[in-house]
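The values are calculated or read from the model by the stated rules, or taken from the named source; none is laboratory data. Just so it is clear, the model here is predicted, and its values are computed rather than measured. Reconstructed Cβ throughout: ideal geometry from the backbone, glycine too, with neighbour counts over all protein chains shown. Heads up: the accessible areas ignore ligands, DNA and RNA and are worked out on the full protein's heavy atoms, side chains in. Shrake-Rupley method; radii C 1.70, N 1.55, O 1.52, S 1.80 Å.
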Amino acid sequence: MKVLVLAERAKAIRELCAGARGLGDVELVALTSAQVVTGVADKVFSVSLPEGVMMEDSLDTLLPLIAAEKPDAFFVEPTKRLKLLAGRLAARLGASGVTDILSVADDASVSAMYFGGLARKNVKASGPLAILYIGAGVFSDAIPSGTDTVVPVDFVAGESKVTRRSVAPIVKSGVDLTAAKRVVGIGRGLAAEADLEMINEFASVIDAEVGCTRPITEAEHWLPKETYIGVSGLILTPDVYVAIGISGQTQHTVGIDRSKTIFAINKDKNAPIFAYADYGIVADLYKVVPKLVEGLK
Amino acid sequence: MKIVVCFKVVPDDQDISIKPDRTLDYSKARPIVSTYDLNAMEALAQFACEDGITYSALTVGAPDIDDSKMKKNVLSRGPEALYMVLDEALAGADTHQTAQVLAAAAKKIGADLIVCGDGSADVYAAQAGVQLGEILGAATVNAVSSFSLEGDRLVVERTLEDETETLQLTLPAVVSVASDIAPSRICSMKEILAAGKKPVEIWSLSDIAASVPAATLAVTDVLAPEPAPRRHEMYTDSDADIASFAKKLSEVLV
């Protein structure tokens with residue numbers, strides 16, 4: 001089997017190439033020089049994207065490449081830019097992509113989330129190309145390898161209907177929850193933004209990062225968007241996860257269910273979060289958290 | 001200028017239950033508008049309100065999505081009319097199939113600007129809008145956090161993982177908007193009553209000269225996952241229990 005890999009970030013490039021190696025031959029497409037990663041693929045198709053051109057407009061460059069290489073599967077990092085590019089490719093090819101993938105089998109069939117993790121579906125692409133959007137963690141144990149022959153590819157300009165006026169970096173909190181070994185998650189049980197101080201103190205005592213459920217970032221704006229855990233946010237695999245004031249809706253638990261050990265603090269004994277917890281405490285978080293800080297200091 | 005908001009109708013996931021064999025039971029789940037499409041509807045309602053322009057709503061699906069409450073809900077949110085393409089062949093359609101049928105309907109309507117939501121509640125692929133735009137040969141972008149017209153250009157803000165950008169699109173254009181673009185509204189009684197008087201046009205595939213292409217994905221089974229095995233040790237809020245809970249936490253930290 002031959003797998004074509006397209007990813008924006010070095011970590012994803014290495015991970016997707018490592019996963020692709022488990023299926024067979026690996027060919028990497030690099031749309032920018034930053035995407036040329038060595039030692040991970042058999043071939044690296046290095047596209048010389050002209051200055052000012054958006055990578056999403058490399059459609060007419062990739063179509064002939066796909067036609068010539070005839071990959072059996074196309075592994076794509078699910079970033080916004082690449083979902084636009086590969087989605088447009090899918091339209092040209094008459095294919096559909098599969099997203100929210102949990103695992104990939106040897107025949108490139110996949111297990112993917114359905115209804116935000118409520119169920120899992122097994123899907124096999126029957127169209128012209130298996131376009132698989134694969135996020136961080138699916139192949140985290142695989143090791144990439146390759147002899148990396150770099151093949152330069154000329155950029156083929158298509159009709160451009162989108163012009164970029166400006167671009168600006170997003171100032172981030174600097175937190176990378178996907179790399180954290182310990183994570184504290186907060187939900188609606190937290191009454192006020194000022195109470196984050198107590199949570200932060202607890203997190204610092206156990207050397208953890210702080211994440212949250214969707215309403216905490218989307219409705220309350222208490223924490224940055226990149227700390228949202230769950231469907232369409234982060235899917236984490238930390239050693240320790242502590243859920244504080246989180247009811248445990250599927251939309252959130254899908255992002256934490258693969259944690260090694262889960263602790264939950266909630267005053268409602270019927271909160272679904274307890275079904276996901278190794279250790280649960282039915283108590284007011286405002287009583288428990290300060291005591292935990294005191295006890296663990 | 002003709003403007004259309006596309007949306008998907010899905011079973012209400014709050015009422016989907018899991019059977020003992022871990023398959024899903026949709027029998028109590030009514031058809032509703034997929035959550036993030038409500039944000040797209042609101043974004044367009046605000047856009048149209050400012051400029052005094054009108055727009056319609058479009059969905060495609062199996063005949064069982066034709067639900068009076070769902071239709072009223074959509075029409076309460078601002079569109080002048082609702083178009084629905086209904087055919088049994090659209091049950092469980094993949095994004096390729098959906099986009100092809102949406103494109104045929106959009107052509108019949110003559111849409112210059114199409115707004116789609118972020119992703120659907122069931123598959124959350126965030127691909128139908130992108131594929132629709134490409135099929136129509138329109139300017140196509142996703143992750144849009146705001147949009148406005150400047151003459152015959154659409155100017156959009158796009159929020160990506162690490163950067164934001166301002167883009168200028170030619171028309172026709174298809175934009176897929178982020179779910180946080182606009183919080184969905186609570187409809188007023190006046191809006192709900194007015195919705196009942198708005199036209200709903202139901203089309204068959206032949207009405208829009210479309211056929212459903214062959215499926216490009218084969219779904220073999222859909223099962224609720226077995227939860228990861230957990231210890232389920234429970235504690236109360238007594239001081240002794242809090243101390244034991246803290247001890248368990250300190251044990252896994254080493």
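Give the number of residues within the stretch A:278-290 that are surrounded by fewer than 18 Cβ atoms within 10 Å (Cβ to Cβ) and within 19 Å of residue A:207 (Cα to Cα). Spell out how you get there, then give the answer.
Looking only at the stretch A:278-290, we keep the residues that are surrounded by fewer than 18 Cβ atoms within 10 Å (Cβ to Cβ), and these are A:284, A:286-287, A:290.
Within this subset, residues satisfying the condition of being within 19 Å of residue A:207 (Cα to Cα) are A:290.
Counting residues in the stretch A:278-290 that are surrounded by fewer than 18 Cβ atoms within 10 Å (Cβ to Cβ) and within 19 Å of residue A:207 (Cα to Cα) gives 1.
Close Cβ contacts (under 8 Å, 6 or more residues apart or on different chains) running from residues in the stretch A:22-45 that are without any contact (Cβ under 8 Å) to a residue 24 or more places away in the chain and closer than 20 Å to residue A:68 by Cβ to residues that are outside any loop (DSSP other than H, G, I, E, B) and among the small types (Gly, Ala, Ser) comprise A:30/A:46.
Answer yes or no as to whether residue A:99 is polar (S, T, N, Q), out of contact with any strand residue (DSSP E or B) (no Cβ under 7 Å at 6 or more places or on another chain) and within 11 Å of another protein chain (Cβ to nearest Cβ).
Numbers: polar (S, T, N, Q): yes; out of contact with any strand residue (DSSP E or B) (no Cβ under 7 Å at 6 or more places or on another chain): no; within 11 Å of another protein chain (Cβ to nearest Cβ): yes.
The answer is no for residue A:99.
Looking at the stretch B:207-221, can you tell me whether even one residue there is open to solvent by 50 Å² or more (accessible area, probe 1.4 Å), in contact with a Phe, Trp or Tyr (Cβ under 9 Å, 6 or more places away or on another chain), more than 9 Å from chain A (Cβ to nearest Cβ) and within 22 Å of residue B:56 (Cα to Cα)? No. Here residue A:126 meets each of (1) more than 30 Å from residue A:285 (Cβ to Cβ); (2) buried (at least 16 other Cβ atoms within 10 Å of the Cβ); (3) out of contact with any Cys (no Cβ under 8 Å at 6 or more places or on another chain) with one exception, condition (2).
Out of the residues in the stretch A:26-48 meeting the condition of being among the β-branched types (Val, Ile, Thr) and in a strand (DSSP E or B), tell me which one is nearest to residue A:156 (Cα to Cα). Among those that are among the β-branched types (Val, Ile, Thr) and in a strand (DSSP E or B), it is A:47.
With respect to residue A:260, determine if the residue is over 25 Å from the mean Cα position of the chain (by Cα) and either within 11 Å of chain B (Cβ to nearest Cβ) or surrounded by fewer than 23 Cβ atoms within 10 Å (Cβ to Cβ) (or both).
Working: over 25 Å from the mean Cα position of the chain (by Cα): no; either within 11 Å of chain B (Cβ to nearest Cβ) or surrounded by fewer than 23 Cβ atoms within 10 Å (Cβ to Cβ) (or both): yes.
No: the conditions fail for residue A:260.
Taking every residue in the stretch B:113-124 that is open to solvent by less than 10 Å² (accessible area, probe 1.4 Å) and pairing it with any residue that is part of a loop (DSSP other than H, G, I, E, B), at least 6 positions away or on another chain, the pairs with Cβ-Cβ distances below 6 Å are B:119/B:126.
For the stretch A:197-215, filtering for residues that are crowded, with 16+ Cβ neighbours inside 10 Å and either within 20 Å of the chain's Cα centre (by Cα) or small (Gly, Ala, Ser) (or both) leaves 8. Residue selection: residue A:84 satisfies the criterion of being without any contact (Cβ under 8 Å) to a residue 60 or more places away in the chain, within 29 Å of residue A:164 (Cβ to Cβ) and part of a helix (DSSP H, G or I).
Within the stretch A:102-135, restricting attention to residues that are touching a Pro at 6+ places or on another chain (Cβ under 8 Å) and more than 22 Å from residue B:213 (Cα to Cα), the residue that is farthest from the other protein chains (Cβ to nearest Cβ) is A:134. Here residue A:94 meets each of (1) open to solvent by less than 20 Å² (accessible area, probe 1.4 Å); (2) on the phi < 0 side of the Ramachandran plot with one exception, condition (2). I'd like the residue in the stretch B:125-181 that is within 7 Å of chain A (Cβ to nearest Cβ), among the hydroxyl-bearing types (Ser, Thr, Tyr) and over 24 Å from residue A:172 (Cα atoms) and, out of all such residues, is most open to solvent (accessible area, probe 1.4 Å). Ranking the qualifying residues of the stretch B:125-181, first place goes to B:170. Remark: pairs (first residue in the stretch A:197-214, of a type in the set (A, V, I, L, M, F, W, C); second residue part of a helix (DSSP H, G or I) and open to solvent by 20 Å² or more (accessible area, probe 1.4 Å); Cβ separation under 7 Å; 6+ apart in sequence or on different chains) = A:198/A:290; A:205/A:296; A:206/A:296; A:206/B:253; A:210/A:200. From the list A:191, A:125, A:168, the one residue that fits, being farther than 24 Å from residue A:78 by Cα and over 18 Å from the mean Cα position of the chain (by Cα), is A:191. If you go through the stretch A:163-196 and keep only what is more than 7 Å from every other protein chain (Cβ to nearest Cβ) and surrounded by fewer than 10 Cβ atoms within 10 Å (Cβ to Cβ), you end up with A:171, A:174, A:192, A:194. Scanning the stretch A:29-67 for residues that are open to solvent by less than 50 Å² (accessible area, probe 1.4 Å), touching a strand residue (DSSP E or B) at 6+ places or on another chain (Cβ under 8 Å) and among the charged types (D, E, K, R) yields a count of 3. Residue-level check: of (1) modelled with pLDDT under 95; (2) of a type outside the set (Lys, Arg); (3) in a loop (DSSP other than H, G, I, E, B), residue A:102 misses just (3). Beta carbons closer than 6 Å, at least 6 apart along the sequence or on distinct chains, pair a first residue in the stretch A:263-291 that is aromatic (Phe, Trp, Tyr) with a second that is open to solvent by 10 Å² or more (accessible area, probe 1.4 Å) and in a helix (DSSP H, G or I) for A:279/B:248. Scanning the stretch A:140-162 for residues that are in contact with a Gly (Cβ under 9 Å, 6 or more places away or on another chain) and within 13 Å of chain B (Cβ to nearest Cβ) yields A:159, A:161.
Kindly check whether there is at least one residue in the stretch B:54-62 that is within 10 Å of chain A (Cβ to nearest Cβ), more than 14 Å from the chain's Cα centre (by Cα) and either crowded, with 23+ Cβ neighbours inside 10 Å or free of Cβ contacts under 8 Å to residues at least 40 places away in the same chain (or both). Full working, then the answer.
Keep residues of the stretch B:54-62 that are within 10 Å of chain A (Cβ to nearest Cβ), which gives none.
Within the stretch B:54-62, none of the residues are within 10 Å of chain A (Cβ to nearest Cβ), more than 14 Å from the chain's Cα centre (by Cα) and either crowded, with 23+ Cβ neighbours inside 10 Å or free of Cβ contacts under 8 Å to residues at least 40 places away in the same chain (or both).
Where helices (runs of 4 or more DSSP H) fall entirely within the stretch A:187-297, those with at least 3 residues that are at pLDDT 95 or above are at A:196-205, A:285-296.
For the stretch A:53-68, filtering for residues that are in a helix (DSSP H, G or I) and touching a Lys or Arg at 6+ places or on another chain (Cβ under 7 Å) leaves 4.
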